[in-house]
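A quick write-up on the structure given underneath.
The values are calculated or read from the model by the stated rules, or taken from the named source; none is laboratory data. This is a predicted model, so every value here is computed, not measured. Note that each Cβ is placed from the backbone with ideal geometry, even for glycine, and that neighbours are counted across all protein chains shown. The accessibility values were calculated without ligands, DNA or RNA, using every heavy atom of the protein model including side chains. Shrake-Rupley method; radii C 1.70, N 1.55, O 1.52, S 1.80 Å.
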Amino acid sequence: MNENALPLSQLQAVRGGPLYVKLKKMIEQAMSDGRLKHGDALPAERDIADAAAISRVTVRKAIDELVDEGLLVRRRGSGTFVVKPVPRMQQPLTRLTSFSEDMRRRGMVAGSRWLGRGLFHPTPEETMTLGLSGQARVARLARLRTANDMAIALERTSLPDDILPDPDGVENSLYQALLQRNIRPVRANQRISAVLLKEDEWESLGVPPGSAALCVQRIAYLDSGRVMEVSTALYRSDAYDLVAELTIGS
C-alpha cells in the first residue's frame, strides 16, 4: 500500500484526540475518499506502527474498533481487510425466478460479465444429470452476475444443446433467451451449502481472501419432466440471504 492511500507518516501531525483515535479517523477517511476500497488489505500492524511511529497496542486498539464497527475484517493467516457495507438482499426459496427477474423486482439493474460460454463435449456427470444421448453436446455458461454494477454471484450453468443451441446468443437473461424459444422451467430442486471461496472466486467477487459464500446448486425441469438445466451459483454471503417460509403441520 502506498503512502498516498494511508499517509501514516503524517499521523503525529494530526491534531486532536488520542493517537488511536487519529489512526482510526485516518483509516475511515481513506475509506470514505475511495483510497481504501472494499477488499483492500491493510498493512501489517507492525508495519503501521513503524510507519506512524506509534506502538502496536495503539494500532491494535484502532483496528479493533473498526472491526467492531464492521468496517474491517480479520482473516486468520491472511491479514486485515477493508469491508464496504453492501445492501443485503433476500431471495425467497419458494419461488423459481431468474437472477435478472429477481433484480428487476428489486428495482436494480442486473448485469453479466462473461467468463466463458460455448458448446462442449459433456462430462459423465452432465450426461447422466441432463439425460444426454451419445452425440449430444452441452451448452455451458460461466459468468459473474452483478446488480447495479456490484458483483453479487458467480454462476455456472449447463444445458442440453437442443435447448440452447447458441450460447453466444444469450445477452443478459438466460431465461429470457429460452422464453423466445418457448422454453420455460416449471419447477426446480435446489441444494444450499456454505463454502469457502477459492482465490479466483474471491478475486472475481471482490471480497477478502477466505470469505465464505452461499453455494446454490439447482436442477430445473420442464413441464414434461425433462431436466432443462443444472447450475451452481456462489452468492456473496455478505450481500445475500436465502429465505424460506415454513408452515406448521397439524
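The table that follows gives values for the structure above.
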item: Filter result (surrounded by fewer than 17 Cβ atoms within 10 Å (Cβ to Cβ) and within 19 Å of residue 166 (Cα to Cα)) within the stretch 108-118; result: 113, 114, 115, 116, 118
item: Residues within the stretch 42-76 that are open to solvent by 50 Å² or more (accessible area, probe 1.4 Å) and either within 22 Å of the chain's Cα centre (by Cα) or of a type in the set (Val, Ile, Thr) (or both), tallied; result: 5
item: First in the stretch 201-212 and touching a residue at least 40 places away in the same chain (Cβ under 8 Å), second anywhere and open to solvent by 20 Å² or more (accessible area, probe 1.4 Å) and hydroxyl-bearing (Ser, Thr, Tyr), Cβ under 6 Å, 6 or more apart; result: 209/78; 210/78
item: Filter result for the condition that a residue is closer than 30 Å to residue 105 by Cβ, under 14 Å from the mean Cα position of the chain (by Cα), open to solvent by less than 60 Å² (accessible area, probe 1.4 Å) and not aliphatic (A, V, I, L, M), over 173, 204, 193; result: 204
item: Residue 105 open to solvent by less than 10 Å² (accessible area, probe 1.4 Å), under 20 Å from the mean Cα position of the chain (by Cα) and either farther than 17 Å from residue 178 by Cα or touching a residue at least 12 places away in the same chain (Cβ under 8 Å) (or both); result: no
item: Search result, residues across the stretch 137-162 that are among the hydrophobic types (A, V, I, L, M, F, W, C), open to solvent by less than 10 Å² (accessible area, probe 1.4 Å) and without any contact (Cβ under 8 Å) to a residue 40 or more places away in the chain; result: 138, 139, 141
item: Pairs where the first residue, in the stretch 219-236, is assigned to a loop (DSSP other than H, G, I, E, B) and the second is open to solvent by 20 Å² or more (accessible area, probe 1.4 Å), C-beta under 6 Å, 6+ apart; result: 223/186
item: Helices (runs of 4 or more DSSP H) lying entirely in the stretch 92-196 (those with 1 or more residues that are closer than 21 Å to residue 235 by Cβ); result: 99-105, 174-179
item: Near pairs, Cβ below 6 angstrom, 6+ apart or cross-chain, from the stretch 174-185 (under 17 Å from residue 155 (Cα atoms)) to any residue that is not hydrophobic (A, V, I, L, M, F, W, C); result: 175/98
